[in-house]
Structures are given as C-alpha cells and as structure tokens.
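Each remark here refers to the structure printed beneath this line.
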Amino acid sequence: MLKLYGANFASRLLLGTAQYPSPDILRRAVEASGTEIVTVSLRRESARARTGQGFWELIEQLGVRVLPNTAGCRTAKEAIATAQMARELFGTNWVKLEVIANDDTLQPELFGLVEAANVLCAEGFEVLPYTTEDLSAAERLVAAGCQVLMPWASPIGSARGLMNKPALKTLRAYFPETTLIVDAGLGAPSHAAEVMELGYDGVLLNTAIAKAADPVTMASAFAKSVEAGRQGFEAGLIEPRDMGTPSTPVAGTPFFKIDRVS
Amino acid sequence: MQILINGEPVATKARNLDELCGELGFAGAKIATAINGSFVAAVKRASTELSPADEIEIVSPRQGG
C-alpha cells in the first residue's frame, strides 16, 4: 500500500490532469490508470468564461482524491499563498509544493522550497515537496515535517527518465521510512518500472500519459509497469554481475571435456 | 477606484473583497482570493477593505501536473 500522511492507497500511481486531448480522454485515462489521486492546480478565473467551475465538476465525477500543486510559483511567498488558497478551495491539507528555479529546466528552487515547507508544515499542511535528489535538501524537508519527498527523475515534461539513478538509489537508502515518489521526467513505462524497482513508493506522471498517441492505453501500460516494478522490488532483485554465469546445470553436460574449461 | 484583478486594471465601486466578488458575478462560485500577494479566506472577504491600486487574485480549480 502507498502511505501518504496516514492514508493508504492500493495504487502507487499518481496522475496529473493537464494536457489531455479532451475531458473525456482524461476521465478514461484516470480510470485505466487505476489511480486514486490526481493533481490539480489553481489558475486565474475569468468571470465570463468560468473555466474552473466546469473543470471542478469533472474532477468531482472522477471520485478520486485531489492533490493541489503550486506549479509556476517562483518564490516561497507565492507558493505559501497558493497553498493557502488551494487548501480552502479543495478542502485538503495536502499540497504538492513546487517552487520553480527557472523556465529552462523547471528544476526545484531548493532554498525557497525548504522555506515554504517550514511555514506550511507549521500551519498544518501535509506537504509533498517536488524536490531534487539532493540529500541536504531532503534532510531539511524531513526536518520541516515532510513525511513524503518527491524527487525529480529529469526535467518536467522531458521524458528522459532517470538522469541520476545512483542518487535516487542513495536517497532511498538514506530515507527508508519516508514515502518517496518520483515526480517528473518519466517518459516510458519502463522508466516507471525502473523507479519502482529501486524501492520507491510511487510515481507521479502527467505528460507521458497525456501526450501519448493513445493516453488511455498508455495509462494502462504505466499502471502495469508500476505494479510490475513494485513486485520486482518486493521479490528481491538479484545483483548484476560483470561476467556470465550459466543458468543450466554444468554437471552432466553432454560431450563435456575437462580440457575445454577455461 | 482603480484596482488590478488578475493582472488587469478594473474600475470598481466595491468597498470590500466580498462586494467585489459579487460585483464580478462570483457569488457562489468555487474561487479563492488573495490581495497583494497574501491569501484572504472566504470568511474574511467582507471585512477586507479595498484600497486603490490593490492587486487582487481570484483563482479557481484547473488542470495540473
């Protein structure tokens, strides 16, 4: 089970709700993914268009929990105010805390992230910070009260997969009790399986599914890969070896001759 | 008075944030508000007076990753 601040979830896949070709495809992708948690955002509302009201009706129909983000915030102050607005609007203490450093990499701005996490945790928020694999930032976030860390695999929307796998592995080893979810940069189901095989608790996806040629089928594919990767981790993966080793018994090999053994 | 709503200049006669939301047709809508970068809870909108050049944010749920 995926544990998030005392709540348990059967699915280890969290899904973003942006960039789908249509609301109906979003709905079907959510169903195909089996997710129980979707991410949402806040944006300026127009009195004329009232875009947000229709979107909220769609989300309510999905019957899943929402995880509001602070996407686009560049400072701790912006992220804190956005989180406060989100808490009131969505009626949840959860917040996917994002403080973005620059537009090219969309990497987390770790100093602002830690500052905002300290304030929000003290205000009773249950913070899920979008961070990097940096250990010192992770320590500060956990010290602030974060029970969940969400390191990136690679830049948001880049589909590059795990750019720093050894560091993600180290993060897992340093924080065995913290819920770790890879957020951002995954492009293929194999990337998700790779994350889960490291012992991560979950993955958060959006672009890889929403922008696929067939988002509904891709959602199903990611669901299977997340489950397969997790099962692989729980089953205990064998260690890689430099050299080959026969799987078929050597003893009794027909035509065996001792002088052929090197 | 002239204020900024979601980055756009708007002239209003509203005295407080609650009146402004009503004037804009947001009564009963699923929105959240901020003034000059700080969150204003729904229950505090009526007691939040507006001043010229205030920067108001009115937001609603939207797709997110």
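The values are calculated or read from the model by the stated rules, or taken from the named source; none is laboratory data. Quick caveat, the model's predicted, so the values are computed rather than measured. Cβ sites come from the backbone with ideal geometry, for glycine too, and all protein chains shown count toward neighbours.
Can you report the number of residues in segment A:145-171 which are free of Cβ contacts under 8 Å to residues at least 40 places away in the same chain and either surrounded by 18 or more Cβ atoms within 10 Å (Cβ to Cβ) or in a loop (DSSP other than H, G, I, E, B) (or both)? It would help to see each step written out before you state the result.
Our first condition is that a residue be free of Cβ contacts under 8 Å to residues at least 40 places away in the same chain; within segment A:145-171, this holds for A:145-146, A:149, A:151, A:154, A:158, A:160-171.
If we keep only those that are either surrounded by 18 or more Cβ atoms within 10 Å (Cβ to Cβ) or in a loop (DSSP other than H, G, I, E, B) (or both) as well, we get A:145-146, A:149, A:151, A:154, A:158, A:160-164, A:168, A:171.
Residues flagged as free of Cβ contacts under 8 Å to residues at least 40 places away in the same chain and either surrounded by 18 or more Cβ atoms within 10 Å (Cβ to Cβ) or in a loop (DSSP other than H, G, I, E, B) (or both) within segment A:145-171 amount to 13.
Of the residues A:Glu60, A:Glu31, A:Glu36, which single one is modelled with pLDDT of 95 or more and surrounded by fewer than 18 Cβ atoms within 10 Å (Cβ to Cβ)?
Values: A:Glu60 fails: modelled with pLDDT of 95 or more; A:Glu36 fails: surrounded by fewer than 18 Cβ atoms within 10 Å (Cβ to Cβ).
Being modelled with pLDDT of 95 or more and surrounded by fewer than 18 Cβ atoms within 10 Å (Cβ to Cβ) holds for just one of A:Glu60, A:Glu31, A:Glu36, which is A:Glu31.
Give the residue, chosen from A:Val95, A:Val182, A:Val119, A:Val142, that is within 14 Å of chain B (Cβ to nearest Cβ), farther than 30 Å from A:Leu58 by Cα and either touching a Leu at 6+ places or on another chain (Cβ under 9 Å) or buried (at least 16 other Cβ atoms within 10 Å of the Cβ) (or both).
Numbers: A:Val95 fails: farther than 30 Å from A:Leu58 by Cα; A:Val182 fails: farther than 30 Å from A:Leu58 by Cα; A:Val142 fails: within 14 Å of chain B (Cβ to nearest Cβ).
When all the criteria are applied, what remains is A:Val119.
Of all the residues that make up segment A:70-82, how many are under 24 Å from B:Cys21 (Cα atoms) and at the interface with chain B (Cβ under 7 Å from one of its Cβ atoms)?
Number of matching residues: 2.
Among the listed residues A:Phe55, A:Phe125, which satisfies the condition of being touching a helix residue (DSSP H, G or I) at 6+ places or on another chain (Cβ under 9 Å), at the interface with another protein chain (Cβ under 9 Å from one of its Cβ atoms), without any contact (Cβ under 8 Å) to a residue 60 or more places away in the chain and not hydroxyl-bearing (Ser, Thr, Tyr)?
Working: A:Phe125 fails: at the interface with another protein chain (Cβ under 9 Å from one of its Cβ atoms).
Answer to the check: A:Phe55.
All but one of (1) more than 14 Å from chain B (Cβ to nearest Cβ); (2) under 20 Å from A:Leu106 (Cβ atoms) hold for A:Tyr174; state the number of the condition that does not hold.
(2)
Could you tell me whether B:Val43 is surrounded by fewer than 13 Cβ atoms within 10 Å (Cβ to Cβ), aliphatic (A, V, I, L, M) and within 11 Å of another protein chain (Cβ to nearest Cβ)? Working first, answer last.
Numbers: surrounded by fewer than 13 Cβ atoms within 10 Å (Cβ to Cβ): yes; aliphatic (A, V, I, L, M): yes; within 11 Å of another protein chain (Cβ to nearest Cβ): yes.
So B:Val43 passes the test.
How many of the residues making up segment B:1-47 are under 23 Å from A:Phe55 (Cβ atoms) and among the β-branched types (Val, Ile, Thr)?
4
Quick one: in segment B:36-62, of everything that is of a type in the set (Asp, Glu) and assigned to a strand (DSSP E or B), which residue is nearest to the chain's Cα centre (by Cα)? So that I can check it myself, show each step before the final result.
First, the residues of segment B:36-62 that are of a type in the set (Asp, Glu): B:49, B:54-55, B:57.
Okay, now just the ones that are also assigned to a strand (DSSP E or B), so B:49, B:55, B:57.
Working: B:Glu49: 11, B:Glu55: 8, B:Glu57: 5 Å.
By that ranking, first place goes to B:Glu57.
In segment B:24-40, how many are farther than 18 Å from A:Arg43 by Cβ and either among the aromatic types (Phe, Trp, Tyr) or more than 9 Å from every other protein chain (Cβ to nearest Cβ) (or both)?
The initial filter retains those residues of segment B:24-40 that are farther than 18 Å from A:Arg43 by Cβ, namely B:27-28, B:36, B:38.
Still in the list and also either among the aromatic types (Phe, Trp, Tyr) or more than 9 Å from every other protein chain (Cβ to nearest Cβ) (or both): B:27-28, B:36.
Of the residues in that region, 3 qualify.
Say whether the condition of being in contact with a Gly (Cβ under 7 Å, 6 or more places away or on another chain), more than 24 Å from A:Lys3 (Cβ to Cβ), more than 9 Å from chain B (Cβ to nearest Cβ) and in a strand (DSSP E or B) is met by at least one residue in segment A:39-50.
no
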